[in-house]
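The values are calculated or read from the model by the stated rules, or taken from the named source; none is laboratory data. For clarity, every value in this text was computed on a predicted model and none was experimentally measured. Virtual Cβ from ideal backbone geometry, glycine too; neighbours counted across all protein chains shown. Each accessible area value is taken on the protein alone, full model and side chains, heavy atoms only, with ligands, DNA and RNA left out. Shrake-Rupley method; radii C 1.70, N 1.55, O 1.52, S 1.80 Å.
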Amino acid sequence: MSRKYLVTGGAGYVGSVVAQHLIEAGHEVTVLDNLSTGFREGVPAGAKFIEGDIRDAAKWLDSSYDAVLHFAAFSQVGESVVKPEKYWDNNVGGTMALLAAMREADVRKLVFSSTAATYGEPVSSPITETDPTAPTSPYGASKLAVDHMITGEAAAHGLGAVSLRYFNVAGAYGEQGERHDPESHLIPLVLQVAQGKREAISIFGDDYPTPDGTCVRDYIHVADLAQAHLLAVDAATPGEHLICNLGNGNGFSVREVIETVRQVTGHPIPEVTAPRRGGDPAILVASAATARERLGWNPTRADLAGIVADAWAFAQR
Ligand SMILES: NC(=O)c1ccc[n+]([C@@H]2O[C@H](COP(=O)([O-])OP(=O)(O)OC[C@H]3O[C@@H](n4cnc5c(N)ncnc54)[C@H](O)[C@@H]3O)[C@@H](O)[C@H]2O)c1
């Protein structure tokens, strides 16, 4: 059945891919984005576009919407350390206004982009949703605060909500791919070396307690992530706030990613070893057992070479 969805942040990387999947599934999509880090041309053809801020969501939201998929946020960990107020204002203040607009308009379903950064330094691996949350950056703290707000909204006002805690999102889907400025994610940075836009890739620490000494992360294809959102919006149940990790449960080290980029692009990719960065856990790998059980999610693009190949095709556009 066709439904009507508001996608906040749908001009950004993940939101645009999810909006595209919703349209392909036959739904009506309105993108609300202030273009602070997104791109007008990223909004999929077939979506209605409103250039505006989530703080003003009440201007546009009405009871004709079946659900909101909420991607709009600032998400640079390093920037959040030097400008925490920017993250509290947009991520927390913006979401408070959005939740109020949803309550007012009686839109009762929400899917929220949460993050692995809510956990901070893991106490065990893979990370499950019942593990302690102790974020090490204002970014992670702002996302955790929103998760708490949503839990209260579900309990008090009957919202049906799913928070999806993404690990490292990567890859591309058709016309939509990753374009952060500044870029901080490993795969697009290594691809910039392959494109001659950067001389070498820096490896921040090669003395971690991991098989090759470099940090291990869980990479998830953005199209697999999009499928989880379509399932989540159906699974959202009034009065319940479900939290699901999204990752493949496989970790790849920084050196494995660089080697994969060498194989996919045929470029030698020079590397430079630099000191560790503060706040980088050695291993971040998700247990996605909850997403599999509760959403029926079954990722099909876990292969790292395939993820890198899709990101490379997008980077060369
Ligand atoms: N990319 C990842 O690996 C990753 C991992 C974990 C969580 N997340 C979360 O997923 C979401 C999407 O991330 P992304 O990588 O696509 O980021 P992105 O910066 O590409 O997209 C965010 C979009 O939100 C818009 N936006 C920001 N503030 C807004 C506001 N107040 N009103 C309207 N629009 C606003 C931006 O213009 C942008 O288009 C974010 O909430 C992020 O925290 C991303």
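Of the residues in segment 169-188, at least one is within 21 Å of R277 (Cα to Cα), touching a Lys or Arg at 6+ places or on another chain (Cβ under 9 Å) and within 15 Å of the ligand (Cβ to nearest atom). Counting only residues that are part of a loop (DSSP other than H, G, I, E, B) and either out of contact with any His (no Cβ under 8 Å at 6 or more places or on another chain) or surrounded by fewer than 17 Cβ atoms within 10 Å (Cβ to Cβ) (or both), segment 276-317 holds 18 of them.
Taking first residues from segment 258-275 that are more than 17 Å from K197 (Cα to Cα) and partners that are among the aliphatic types (A, V, I, L, M) and in a strand (DSSP E or B), the Cβ contacts under 7 Å between residues at least 6 apart in sequence or on separate chains come to T273/I203; A274/I203. In the set (1) in contact with a His (Cβ under 6 Å, 6 or more places away or on another chain); (2) over 20 Å from A19 (Cα atoms), the condition left unmet by V77 is number (1).
Per-residue answers, yes or no, for (1) out of contact with any helix residue (DSSP H, G or I) (no Cβ under 8 Å at 6 or more places or on another chain); (2) of a type outside the set (A, V, I, L, M):
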{"site": "R198", "(1), (2)": "no, yes"}
{"site": "Y208", "(1), (2)": "yes, yes"}
{"site": "C215", "(1), (2)": "no, yes"}
{"site": "H221", "(1), (2)": "no, yes"}
{"site": "D224", "(1), (2)": "yes, yes"}
{"site": "A232", "(1), (2)": "no, no"}
{"site": "C244", "(1), (2)": "no, yes"}
{"site": "V254", "(1), (2)": "no, no"}
{"site": "E259", "(1), (2)": "yes, yes"}
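If the condition is being more than 27 Å from R103 (Cβ to Cβ) and part of a loop (DSSP other than H, G, I, E, B), then segment 214-239 contributes T214, C215, D218. Residues in segment 55-91 that are open to solvent by 10 Å² or more (accessible area, probe 1.4 Å), within 11 Å of the ligand (Cβ to nearest atom), touching a strand residue (DSSP E or B) at 6+ places or on another chain (Cβ under 9 Å) and aliphatic (A, V, I, L, M): A72, A73. Taken over segment 300-313, the criterion of being of a type outside the set (D, E, K, R) and modelled with pLDDT of 95 or more is satisfied by T300, L304, A305, G306, I307, V308, A309, A311, W312, A313.
Working only within segment 1-18, note down all residues that are buried (at least 24 other Cβ atoms within 10 Å of the Cβ) and without any contact (Cβ under 8 Å) to a residue 40 or more places away in the chain. Result: A11, single match.
Selection of first residues in segment 180-198 that are charged (D, E, K, R) and of second residues that are open to solvent by 20 Å² or more (accessible area, probe 1.4 Å) and more than 10 Å from the ligand (Cβ to nearest atom), restricted to Cβ pairs under 9 Å at least 6 apart or on distinct chains, gives the following pairs, ordered by first then second residue: E183/L189; E183/Q192; R198/L189; R198/Q192. Pairing each residue of segment 162-176 that is more than 19 Å from L231 (Cβ to Cβ) with any residue that is in a loop (DSSP other than H, G, I, E, B) and open to solvent by less than 20 Å² (accessible area, probe 1.4 Å), provided the two are 6+ apart or on different chains, yields C-beta distances under 8 Å for N168/D218; N168/G247; E175/P44; Q176/P44.
Do we find that S36 is open to solvent by 10 Å² or more (accessible area, probe 1.4 Å), closer than 24 Å to I243 by Cα and in a loop (DSSP other than H, G, I, E, B) in this structure? Here the answer is no, as S36 does not meet what is asked.
Selection of segment 144-161 for residues being open to solvent by 10 Å² or more (accessible area, probe 1.4 Å) and touching a helix residue (DSSP H, G or I) at 6+ places or on another chain (Cβ under 9 Å) yields L144, A145, M149, E153, H157. Just so you know, in segment 20-33 the residues that are in a strand (DSSP E or B) and closer than 15 Å to A67 by Cα include one that is nearest to the ligand (Cβ to nearest atom), and it is L32. Mind checking whether some residue in segment 240-259 is in contact with a Leu (Cβ under 7 Å, 6 or more places away or on another chain), more than 30 Å from L110 (Cβ to Cβ), aromatic (F, W, Y) and open to solvent by 20 Å² or more (accessible area, probe 1.4 Å)? Yes, that holds for at least one residue. For segment 240-275: of the residues being within 24 Å of the chain's Cα centre (by Cα) and in a loop (DSSP other than H, G, I, E, B), which is farthest from P135 (Cα to Cα)? Per the criteria, the residue is E240.
Residues in segment 205-213 include none that are among the small types (G, A, S), open to solvent by less than 30 Å² (accessible area, probe 1.4 Å) and not in a loop (DSSP other than H, G, I, E, B).
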